[in-house]
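The values are calculated or read from the model by the stated rules, or taken from the named source; none is laboratory data. Remember, predicted model here, so these are calculated numbers, not experimental data. Positions of Cβ are backbone-derived with ideal geometry, glycine not excepted, and every protein chain shown enters the neighbour counts. Surface accessibility is based on the protein's heavy atoms, side chains included, excluding ligands, DNA and RNA. Shrake-Rupley method; radii C 1.70, N 1.55, O 1.52, S 1.80 Å.
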Amino acid sequence: MSTEEKKSLNKTTTRRTFLSRLWLGLGLVALLQFLGGALAFLVSGTGEKQAVKPLFIDVGPVTDFTPGSVTLIRRGELYLSRLADGGFLALSRKCTHLGCAVAWNEEQKKFACPCHSSIFAENGTVLKTPAPRPLDQHPLMIKDGQVKIDIKTRRRRQSFKPEQLTYAVKKVS
Ligand code: FES
């Protein structure tokens, strides 16, 4: 084998070694990311995001929201839904399928996702899949006649329950 051939062979081997190491490195990074994600899922127990510090914003007086209305609260990227019986519910705009922003259709009284056509009722429950669960809920409170919503916290729900509603005046049942 001539010296030129040896040099060429060496270059090829070096390139091949470099590429194998590069792939090995990339494989390791992917594996570490996967393990990190799996660990975070296990630590949280449910795969929900870790608790964040609440941040309640004042969205207006109770009287601004008529029963049976849905209002977009841009600052929190959420909707304030006041059901026909007067109960308040703060719903995340994020579709529970892949996170697109759902839009409120006032005529149909439903939320529609533009990405894969999931439909949600005014209380956030799924009327049409592929969304796997109701829209997430934000904590809400009423203080001195003002509606306040925690825009930082989102709670997953598997279904809608009446106890998720907040009333301006305690409901007598
Ligand atoms: S992201 Fe909404 S249906 Fe897929």
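Restricted to segment 99-115, and to residues there that are in contact with a Phe, Trp or Tyr (Cβ under 6 Å, 6 or more places away or on another chain) and of a type outside the set (A, V, I, L, M), the residue that is surrounded by the fewest Cβ atoms within 10 Å (Cβ to Cβ) is W104. Counted as qualifying within segment 123-173 are the strands (runs of 3 or more DSSP E) with 1 or more residues that are in contact with a Ser or Thr (Cβ under 7 Å, 6 or more places away or on another chain) and assigned by TED's automatic domain parsing to the domain that holds I73, namely 126-128, 140-143. Is there a residue being among the small types (G, A, S), within 10 Å of the ligand (Cβ to nearest atom) and not in a strand (DSSP E or B) anywhere in segment 111-118? Yes, there is a match, as at least one residue in segment 111-118 is among the small types (G, A, S), within 10 Å of the ligand (Cβ to nearest atom) and not in a strand (DSSP E or B). For segment 83-98, a residue qualifies if it is farther than 11 Å from H138 by Cβ and open to solvent by less than 30 Å² (accessible area, probe 1.4 Å), and the qualifying residues are L83, G86, G87, C95, T96. Of all residues in segment 87-98, those satisfying the criterion of being within 13 Å of the ligand (Cβ to nearest atom) and under 18 Å from S159 (Cα atoms) are S92, R93, K94, C95, T96, H97.
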